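Chemist: Below: one structure in structure tokens.
The values are calculated or read from the model by the stated rules, or taken from the named source; none is laboratory data. In this text the structure is predicted, and so the values were computed from the model without any measurement. Cβ placement follows ideal geometry from the backbone for every residue including glycine, while neighbour counts extend to all protein chains displayed. Heads up: the accessible areas ignore ligands, DNA and RNA and are worked out on the full protein's heavy atoms, side chains in. Shrake-Rupley method; radii C 1.70, N 1.55, O 1.52, S 1.80 Å.
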Amino acid sequence: MATRSPTIIQPGGEDVDHATLVTWSGLLNGDNGARVTLTDFPDRTVQIVGTFGAGGSVSFEGSNNGTDWAVLTDPQGNAITKTTASLEFVTETPRYVRPVVTAGDGSTNLSVILFARTPR
């Protein structure tokens, strides 16, 4: 069980101005991503890719105090807990966000990519 640091870039350019891309990679069974704060970016879409392995599952969580975490939801009210590759809009905008790999096996190796932007 490890906490994986993300790579954070601000792509810039006409098509992604006012945006940030956060990538947690190498997430294994039991790992979590280090929390990030993106309070200036209320529009958030999370993409989950990689090898899930047997029973692999990852949740995307949020917290306002950095201690107590809850699974975030999509616009339909479904928890963002995935067992296959997916792309979801995140409804809530808490102070902190992070991915957590909640299940899997020795082949589980996931990346969680968060695109966050400020509406124009």
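Chemist: Among the candidates G55, G30, single out the residue that is exposed (fewer than 13 other Cβ atoms within 10 Å of the Cβ), of a type outside the set (D, E, K, R), on the phi > 0 side of the Ramachandran plot and assigned to a loop (DSSP other than H, G, I, E, B).
Modeler: On the way: G30 fails: exposed (fewer than 13 other Cβ atoms within 10 Å of the Cβ).
Exactly one residue qualifies, and that residue is G55.
Chemist: Looking at (1) open to solvent by 50 Å² or more (accessible area, probe 1.4 Å); (2) out of contact with any Phe, Trp or Tyr (no Cβ under 9 Å at 6 or more places or on another chain); (3) free of Cβ contacts under 8 Å to residues at least 40 places away in the same chain; (4) within 24 Å of S107 (Cβ to Cβ), which is the only condition S5 fails?
Modeler: Here S5 meets the rest and fails (2).
Chemist: Give region 33-52 a look and list any residue that's open to solvent by 40 Å² or more (accessible area, probe 1.4 Å), in a loop (DSSP other than H, G, I, E, B) and not polar (S, T, N, Q), or say none. Break it down stepwise before answering.
Modeler: First pass over region 33-52, keeping only residues open to solvent by 40 Å² or more (accessible area, probe 1.4 Å): 35, 37, 39-40, 42, 45, 47, 49-51.
Now narrow it down to the ones that are in a loop (DSSP other than H, G, I, E, B): 35, 39-40, 42.
Within region 33-52, R35, D40, P42 qualify.
Chemist: Could you tell me whether region 75-96 includes any residue that is open to solvent by 50 Å² or more (accessible area, probe 1.4 Å), charged (D, E, K, R) and either part of a strand (DSSP E or B) or in contact with a Pro (Cβ under 9 Å, 6 or more places away or on another chain) (or both)?
Modeler: no
Chemist: What single numbered condition from (1) modelled with pLDDT under 90; (2) open to solvent by 60 Å² or more (accessible area, probe 1.4 Å) fails to hold for V16?
Modeler: For V16, the failing item is (2).
Chemist: Is it the case that V101 is modelled with pLDDT of 95 or more, within 11 Å of the chain's Cα centre (by Cα) and more than 20 Å from Q10 (Cα to Cα)? Show your work before the answer.
Modeler: On the way: modelled with pLDDT of 95 or more: yes; within 11 Å of the chain's Cα centre (by Cα): yes; more than 20 Å from Q10 (Cα to Cα): yes.
So V101 passes the test.
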